[in-house]
Amino acid sequence: MEVGIALVGSGSATPSQRITNDQLGLRVETNDSWIRSRTGIFERRVCGSEETLALLSQRAASAALEMAGWEPSSIDLVLLATSTPDDLFGTAPKVQAKLGASKAVAFDLTAACSGFLFSFITAAQYLRSGAMRRVLVIGADQLSRWVDWDDRRSCVLFGDGAGAVALEATSLENDGLIGFKLKSDGSRGDCLNLNQVDESLLLVDGVTHQKGGFSPIQMNGQEVYKFAVREVPLILNEVLTANEISPTSLDWLLLHQANQRILDSVADRFSIPQEKVLSNLSKYGNTSAATIPLMLDEAVRDGRVKPGNLIASSGFGAGLSWGAALFRWQGPS
Ligand code: UT7
């Protein structure tokens with residue numbers, strides 16, 4: 001049995017603490033003009049002591065649930081895309097419990113900044129196969145835990161946030177997921193890492209074990225930039241061509257919010273006008289797995305994205321990992 005996929009709800013949540021470029025300039029040698037001109041970022045949000053990844057995720061998911069008009073007990077799956085869990089054993093079950101989604105199975109999926117797109121497509125397979133009817137896909141990250149706040153080459157880029165979408169099985173005629181493509185290349189993964197610390201401790205005489213913990217994010221910005229401006233247009237073009245859709249028929253371009261220059265470069269490649277390029281990274285920076293649903297939710301709630309709108313989306317980042325999806329926003333019925 002093959003069924004269609006409908007995007008019927010969205011939600012998002014960001015921490016209350018806001019840090020401007022000028023404030024970052026008090027910590028590292030940088031300034032507002034450099035950050036704005038090189039990235040398009042003006043400020044970002046950072047979780048304070050009371051805010052956790054599970055809490056942000058729950059707030060985003062609750063808003064998506066409310067928009068969709070679903071009872072928590074009707075959800076089959078809570079899929080949480082994150083690279084920064086509260087608990088390495090999984091944060092999704094905590095979110096499931098907070099939501100009261102008592103019948104849902106819940107697990108995390110890690111694919112860095114491509115995590116939301118990878119999770120969206122993974123969730124879609126459960127719906128397509130008929131195994132499930134209602135799925136919540138959450139993209140959430142708290143990279144502030146792992147950013148080296150003394151490294152000006154990377155710390156200016158990142159922020160914390162969460163976004164969620166509610167996906168429902170529908171008839172094939174109403175299918176909102178038109179096409180997708182996902183890719184990974186671990187051989188090029190060295191340019192962006194959040195690696196396990198490299199330290200051995202003595203367990204008992206003659207036996208060692210490795211210490212747990214992670215080193216801060218390490219990034220070769222120029223390599224990641226080159227990867228993004230090369231691969232994102234290629235994969236988007238592949239998906240558009242495979243589905244015989246011209247860039248001119250797109251309502252919106254919804255890219256992972258990493259750098260405004262990357263967004264502009266990809267839009268230029270397809271001659272997509274600025275008015276159709278969704279961007280909110282000036283307010284939030286790069287929130288990793290959260291950027292795409294955070295942006296989608298903002299544009300749905302302020303009325304830019306309307307039911308039936310055709311959206312081309314692409315996520316890209318560490319792994320290396322990248323992907324593209326073509327979908328229509330349906331909204332609640
Ligand atoms: O989800 C994926 C996550 N990662 C990314 O998206 C990163 C993609 N890469 C980028 O967005 C850009 O490469 C950056 C924004 C990270 C850097 O921009 P850039 O235009 O590639 O700058 P650069 O690394 O070539 O550095 C240019 C200059 C250097 O100085 P010199 O050597 O020319 O004197 C840097 O030391 O800018 C300096 N610089 C800074 N200056 C002020 C680097 N970071 C800063 C800073 N403030 N924060």
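The values are calculated or read from the model by the stated rules, or taken from the named source; none is laboratory data. These numbers were taken from a predicted model, which means no experiment stands behind them. Using ideal geometry, Cβ is built from the backbone for each residue, glycine included, and neighbour counts are taken over all protein chains shown. In case anyone asks, the SASA skips ligands and DNA or RNA and just uses the protein heavy atoms, side chains included. Shrake-Rupley method; radii C 1.70, N 1.55, O 1.52, S 1.80 Å.
The condition of being free of Cβ contacts under 8 Å to residues at least 24 places away in the same chain, open to solvent by less than 20 Å² (accessible area, probe 1.4 Å) and not basic (Lys, Arg) holds for only one of Ala267, Ala312, that being Ala267. Applying a threshold of 8 Å to beta carbon distances and a minimum spacing of six or more residues, or different chains, the list of pairs starting in region 170-186 at a residue that is touching a residue at least 24 places away in the same chain (Cβ under 8 Å) and ending at one that is open to solvent by 60 Å² or more (accessible area, probe 1.4 Å) and assigned to a strand (DSSP E or B) reads Gly176/Arg328; Ile178/Arg328.
This table checks each residue for (1) of a type in the set (S, T, N, Q); (2) open to solvent by 50 Å² or more (accessible area, probe 1.4 Å); (3) within 16 Å of the ligand (Cβ to nearest atom).
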| site | (1), (2), (3) |
| --- | --- |
| Gly221 | no, no, yes |
| Val224 | no, no, yes |
| Arg230 | no, yes, yes |
| Leu234 | no, yes, no |
| Ala242 | no, yes, no |
| Thr248 | yes, yes, no |
| Trp252 | no, no, no |
| His256 | no, no, yes |
| Asn259 | yes, no, yes |
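If you filter region 93-117 down to residues that are within 16 Å of the ligand (Cβ to nearest atom) and part of a loop (DSSP other than H, G, I, E, B), you find that the one that is surrounded by the most Cβ atoms within 10 Å (Cβ to Cβ) is Ala111. Each residue in region 1-29 was checked for being in contact with a helix residue (DSSP H, G or I) (Cβ under 8 Å, 6 or more places away or on another chain), open to solvent by 10 Å² or more (accessible area, probe 1.4 Å) and of a type in the set (Ser, Thr, Tyr), and 3 of them qualify. Kindly check whether there is at least one residue in region 188-199 that is out of contact with any Phe, Trp or Tyr (no Cβ under 8 Å at 6 or more places or on another chain), assigned to a loop (DSSP other than H, G, I, E, B) and open to solvent by 80 Å² or more (accessible area, probe 1.4 Å). Yes, some residue in region 188-199 is out of contact with any Phe, Trp or Tyr (no Cβ under 8 Å at 6 or more places or on another chain), assigned to a loop (DSSP other than H, G, I, E, B) and open to solvent by 80 Å² or more (accessible area, probe 1.4 Å).
Could you pull out the residue among Ser184, Ser154, Ser129 that is within 16 Å of the ligand (Cβ to nearest atom) and in the same structural domain as Glu66 (by TED's automatic domain parsing)? Break it down stepwise before answering.
Numbers: Ser184 fails: in the same structural domain as Glu66 (by TED's automatic domain parsing); Ser129 fails: within 16 Å of the ligand (Cβ to nearest atom).
Just one listed residue meets the conditions, Ser154.
Report yes if some residue within region 203-218 is touching a residue at least 60 places away in the same chain (Cβ under 8 Å), within 16 Å of the ligand (Cβ to nearest atom) and open to solvent by less than 20 Å² (accessible area, probe 1.4 Å); otherwise report no. For region 203-218, residues touching a residue at least 60 places away in the same chain (Cβ under 8 Å), within 16 Å of the ligand (Cβ to nearest atom) and open to solvent by less than 20 Å² (accessible area, probe 1.4 Å): present. Any residue at all in region 213-232 that's under 30 Å from Gln125 (Cα atoms), of a type in the set (Gly, Ala, Ser) and outside the structural domain of Ser57 (by TED's automatic domain parsing)? Within region 213-232 (the criterion being under 30 Å from Gln125 (Cα atoms), of a type in the set (Gly, Ala, Ser) and outside the structural domain of Ser57 (by TED's automatic domain parsing)), the answer is yes, since at least one residue qualifies. Here Arg45 meets the list (1) without any contact (Cβ under 8 Å) to a residue 60 or more places away in the chain; (2) in contact with a Gly (Cβ under 6 Å, 6 or more places away or on another chain) almost entirely, failing just condition (1). Given (1) touching a Phe, Trp or Tyr at 6+ places or on another chain (Cβ under 8 Å); (2) open to solvent by less than 40 Å² (accessible area, probe 1.4 Å), where does Asp297 come up short, assuming only one miss? Failing condition for Asp297: (1). Within this structure, Phe120 fails the test of being open to solvent by 10 Å² or more (accessible area, probe 1.4 Å) and either more than 16 Å from the ligand (Cβ to nearest atom) or hydrophobic (A, V, I, L, M, F, W, C) (or both).
Within region 30-84, take every residue that is more than 16 Å from the ligand (Cβ to nearest atom), part of a loop (DSSP other than H, G, I, E, B) and open to solvent by 40 Å² or more (accessible area, probe 1.4 Å) and give me the one that is nearest to Ala169 (Cα to Cα). Spell out how you get there, then give the answer.
Keep residues of region 30-84 that are more than 16 Å from the ligand (Cβ to nearest atom), which gives 45-80.
Narrowing further to those that are part of a loop (DSSP other than H, G, I, E, B): 47-52, 69-71, 75-76.
Of the ones still in play, those that are also open to solvent by 40 Å² or more (accessible area, probe 1.4 Å) are 49-50, 52, 69, 71, 76.
Numbers: Ser49: 38, Glu50: 36, Thr52: 31, Gly69: 15, Glu71: 16, Asp76: 11 Å.
Among residues in region 30-84 that are more than 16 Å from the ligand (Cβ to nearest atom), part of a loop (DSSP other than H, G, I, E, B) and open to solvent by 40 Å² or more (accessible area, probe 1.4 Å), the one nearest to Ala169 (Cα to Cα) is Asp76.
For region 125-167, the set of residues classified as small (Gly, Ala, Ser) and either over 22 Å from Cys47 (Cβ atoms) or open to solvent by 10 Å² or more (accessible area, probe 1.4 Å) (or both) consists of Ser129, Gly130, Ala131, Ser144, Ala166, listed by residue number.
Check whether at least one residue in region 142-165 is touching a strand residue (DSSP E or B) at 6+ places or on another chain (Cβ under 7 Å), without any contact (Cβ under 8 Å) to a residue 60 or more places away in the chain and assigned to a helix (DSSP H, G or I), and report yes or no. Looking for residues that are touching a strand residue (DSSP E or B) at 6+ places or on another chain (Cβ under 7 Å), without any contact (Cβ under 8 Å) to a residue 60 or more places away in the chain and assigned to a helix (DSSP H, G or I), one finds none in region 142-165, hence no.
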